[in-house]
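K.L.:
Got a structure for you, written out below as structure tokens; questions coming shortly.
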Amino acid sequence: AFGYEVRVVPESHVYHVGGGALPQGNPRKTYLNVRNSLACLYKNTPRGQVFLKVLLRLLLDGVWGAKAIADRDVGTLRAIIRGHWHFFGRLGALRRERRRLYAHHRPARPAGWYPRSIVWQYFVRRRRRWARLPGIHALSNPACRGRLRGRRGRHGAHV
């Protein structure tokens, strides 16, 4: 991939607790989440969808910010704003990176992306588990069954 050699060790197991180093509600964690998710969304969304998806993400962050105001959570509000400023400040560099990536490969939809709104599924449809999302067929794969039944690895993460 882009001049790098890729190697695989199929027997390996990776345990990861997303954001485990920072506690939930920590403004630094919020800032990193906002900044990184906007950058990832911008860099990896197909050209015809990027504007709408980034705009939607910014609007959802606005709702998050309004909730922070209602809760008088200044730290979260500042972290969201700071994440947006960082994203827009790096937009030129992200655009160049996007062009470089898409010069080699233009996927119709990035592999592994859920094609629907997880926010809608979680808050409106009340689907709280990944395996219950429409379009997720991991349970039909016998190799995944044991892992989706709640086995826990180090740090309490599902594996």
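The values are calculated or read from the model by the stated rules, or taken from the named source; none is laboratory data. In this text, all values refer to a predicted model and were calculated from it rather than measured experimentally. FYI the Cβ positions are ideal-geometry reconstructions off the backbone, even for glycines, and counts take in every protein chain you see.
K.L.:
What is the number of the single condition among (1) of a type outside the set (D, E, K, R); (2) more than 17 Å from the chain's Cα centre (by Cα); (3) in a loop (DSSP other than H, G, I, E, B) that His16 does not meet?
P.N.:
Evaluating His16 over (1) of a type outside the set (D, E, K, R); (2) more than 17 Å from the chain's Cα centre (by Cα); (3) in a loop (DSSP other than H, G, I, E, B) leaves (2) as the failure.
K.L.:
While we're here: Return the pair list, or none, for Cβ contacts closer than 6 Å from residues in the range 23-48 that are over 24 Å from Gly92 (Cα atoms) and assigned by TED's automatic domain parsing to the domain that holds Arg82 to residues that are in a helix (DSSP H, G or I) and of a type outside the set (Lys, Arg), at least 6 apart or on different chains.
P.N.:
Once the first residue is over 24 Å from Gly92 (Cα atoms) and assigned by TED's automatic domain parsing to the domain that holds Arg82 and sits in the range 23-48, its partners that are in a helix (DSSP H, G or I) and of a type outside the set (Lys, Arg) give Pro27/Gly75; Pro27/Ala79.
K.L.:
Shifting gears a bit: How many residues does the range 103-124 contain that are modelled with pLDDT of 75 or more and within 20 Å of the chain's Cα centre (by Cα)?
P.N.:
Count: 9.
K.L.:
Restricting attention to the range 26-76, and to residues there that are assigned to a helix (DSSP H, G or I) and among the polar types (S, T, N, Q), which single residue is farthest from Pro115 (Cα to Cα)? It would help to see each step written out before you state the result.
P.N.:
Narrowing the range 26-76 to residues assigned to a helix (DSSP H, G or I): 27-44, 47-70, 74-76.
Applying the additional criterion that residues be among the polar types (S, T, N, Q) yields 30, 33, 36-37, 44, 49, 76.
Working: Thr30: 24, Asn33: 20, Asn36: 20, Ser37: 16, Asn44: 14, Gln49: 12, Thr76: 28 Å.
Among residues in the range 26-76 that are assigned to a helix (DSSP H, G or I) and among the polar types (S, T, N, Q), the one farthest from Pro115 (Cα to Cα) is Thr76.
K.L.:
Checking the condition more than 18 Å from Lys43 (Cβ to Cβ), surrounded by 11 or more Cβ atoms within 10 Å (Cβ to Cβ) and at pLDDT below 80, which residue from Arg145, Arg132 passes?
P.N.:
Of Arg145, Arg132, the one residue that is more than 18 Å from Lys43 (Cβ to Cβ), surrounded by 11 or more Cβ atoms within 10 Å (Cβ to Cβ) and at pLDDT below 80 is Arg145.
K.L.:
So which of Ala21, Ala79 ends up being at pLDDT below 95 and over 23 Å from Tyr114 (Cα atoms)? Spell out the reasoning first.
P.N.:
On the way: Ala79 fails: at pLDDT below 95.
None of the other options fit; the residue is Ala21.
K.L.:
Now for a separate question. Of the residues in the range 63-97, how many are of a type in the set (Lys, Arg) and touching a Phe, Trp or Tyr at 6+ places or on another chain (Cβ under 7 Å)?
P.N.:
First, the residues of the range 63-97 that are of a type in the set (Lys, Arg): 67, 72, 78, 82, 90, 95-96.
If we keep only those that are touching a Phe, Trp or Tyr at 6+ places or on another chain (Cβ under 7 Å) as well, we get 82.
Qualifying residue count, the range 63-97: 1.
K.L.:
Has the range 28-47 got at least one residue that is modelled with pLDDT of 80 or more and at positive phi?
P.N.:
No, the range 28-47 contains no residue that is modelled with pLDDT of 80 or more and at positive phi.
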